[in-house]
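Some notes on the structure that comes next.
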Amino acid sequence: MTGSVRVFAAMLTLFSCMLAACHHNPDPDTVLLNAWRLCEKLSYTEAYPLVLESLQAAPGNAVAHYLLGRCFFTQSPPQLTRAKGEYDLALQLLDKNGDLSVLAGKMSEEEFRATLHCDTALALLQTVVEAEKAGMPPRTAVGVMKTALFHVNEGLRFNPASSFLQELSQTLRHMVDVMNESGTFQEAEPEAPHYFI
């Protein structure tokens, strides 16, 4: 190698190192907070890559797993099993470390737990609706409905003032009773809202 080629190679290496030092990854909490804000605006498609980026940096973050569940739930068609799995994982992580991450100071742990249980119930209810559309007899859904009711009541335990959870609990209890008696639904299933409680 000639002297000028070595100098050029050294300068190129130095320049590359300087560029790498200037390029830094954004703070995972900032990324997650941006994803949360997008989800609040119902922009789940835009939030999805941010949630994944956040989870790469902090795979044990309960809030990120919850948001990933929301993204799966709102896809068309919804990925209900994956959504419920993410909600379950978020609850396990919250039980394990109690870390509210970017929600600290914005939402209490009880409110977050109530939200997780509510969204788990909504994913289960949507599963029942999808199963009925596929031709499964409604009576086969009684167990899933009871599990959804359990999650709604758990949500009420953490947020007893939630009128949405109170109404959903009454509706589910009535639907389970009707299904146990007749084996069919006699009223329409509650629609899953696309907002945070």
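Brief remarks follow.
- A straight Cα-to-Cα reach below 17 Å connects Lys84 with the lysines Lys146, residues fewer than 8 places away in its own chain not being considered.
- Gyration tensor (alpha-carbon) shape descriptor, segment 59-182, a/c threshold 1.5: oblate
- Sequence-distant lysines (8 or more away, or on other chains) whose Cα lies within less than 23 Å of Lys106: Lys41, Lys96
- Solvent-accessible surface ranking, highest first, for Met136, Met107, Met175 at 1.4 angstrom: Met136, Met107, Met175
- Solvent accessible area, Å² - Asp27, 1.4 Å probe, full protein context: 80 Å²
The values are calculated or read from the model by the stated rules, or taken from the named source; none is laboratory data. Treat the numbers as computed from the prediction; the structure is a model and nothing was measured. The protein model used for the area step is the full one, side chains on, heavy atoms only, and it has no ligands, DNA or RNA in it. Shrake-Rupley method; radii C 1.70, N 1.55, O 1.52, S 1.80 Å.
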